[in-house]
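A short write-up of the structure that comes next.
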Amino acid sequence: MPEGDTLYRAARRLERGLRGDEVVAVAGSHRAAAAYGRRLVGRTVDEVENRGKHLLIHFSGGWSARTHLRMTGTWDVYTPGQRWRKEPGAARLVLTTADAVAVCFAAPDVDIKPTHIIEDQVAHLGPDLTADGFDTEEALRRIAAADSGSLAGLLLDQSVMAGIGNVFKSEIAFSISRDPAASIATLSGEERRQIVDDARRMLYANRDTPNRVTTGDPRRPLFVYGRNRRGCLRCRTPIRSGEVGDPVRVTYWCPRCQSG
């Protein structure tokens, strides 16, 4: 599922395919493409970046496109004339240059606006966990300001740290040996720093590979996520799953290793 590591790779693909080239056509089924796509024609792609789960494409002259893939969206890059892997009707936004066709499939959230408006839309996000310049102290400050709710909810709060989704949420809670339903107020200062350090380590380590690994062993890549009723890799206790946090999401944990 698209989390920060997935968006990082998508941004790099688009950057390789589009950066420095002029947009010659814009299409797509999303209303933003119909309403504002023509504003991008003739502009050069200046930069592509990921901010948490948002992907931003910046064009010359102060315009940008933003997509949020949610659970269904993907970005692909093709050469002109190459067959797409999905039907054209699924294309929400299509950017064409002389050498590439970038297609966003099935994303529910697409916007095309002046860059300052797009920047306002993502200004609430916390430090991006895949960024080279990740700010650990800012993430800790934001955790301290989030003084209520559960650990699971904290990890999914994109205004604290940007990029964590359901998979990394479960894996990070396991890595600090805490119940994902535990109250934020019960977390020690040491545990809060470990949350930030482990989140940064996991997403940064996985940003360049499509096969997520949090265990260090590609044969058994994840400690708890998707392992309901299977033995914990540390203690062999059956992994549990349930709806935890706010917003409520399916979460996986080991009832023995994460009893603290």
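List of remarks:
- Solvent-accessible area per residue in the chain equals 45 Å², computed with a 1.4 angstrom probe and all protein chains kept.
- Degrees separating the helix 166-175 axis from the principal Cα axis of the chain, which is the longest one: 30 degrees
- Exposure check, 1.4 Å probe, all protein chains in place: Asp99 carries approximately 110 Å² of accessible surface.
- For segment 56-93, backbone nitrogen atoms closer than 16 Å to the point 7 Å from Arg31 Cα along Cα-to-C-beta are found at 92-93.
- Nearest-0.05 FRET efficiency for Glu138 and Lys86, computed from C-beta distance (R0 51 Å): 0.85
- Calculated SAXS-style log₁₀ I(q)/I(0) at q = 0.08, 0.15 Å⁻¹ - the chain, Debye, Cα scatterers: -0.35, -1.03
- Cα-based equivalent ellipsoid of segment 201-247: semi-axis lengths in Å, sorted from largest, via gyration tensor: 21, 16, 8
- Pairs of Cα atoms farther than 26 Å apart, segment 42-168, %: 31 percent
- Cα→Cβ-extended label distance, 7 Å offset, between Ala106 and His124, nm: 2.7 nm
- Ranked by the mean number of other Cβ atoms within 10 Å of their residues, highest first, the peptides 29-37, 233-241 fall in the order 29-37, 233-241.
- Of Lys53/Lys113; Lys86/Lys169; Lys113/Lys169, pairs whose Cα-Cα distance is over 24 Å: Lys86/Lys169; Lys113/Lys169
- Heavy-atom accessible surface of segment 64-208: percent carbon and sulfur, 1.4 Å: 50 percent
The values are calculated or read from the model by the stated rules, or taken from the named source; none is laboratory data. Just so we're clear, the structure is a prediction, and the values are computed from it rather than from any experiment. Heads up, the Cβs are rebuilt from the backbone with ideal geometry, glycines too, and the neighbour counts pull from every protein chain shown. Remember, those area values only see protein heavy atoms, side chains included, never the ligands or the DNA or RNA. Shrake-Rupley method; radii C 1.70, N 1.55, O 1.52, S 1.80 Å.
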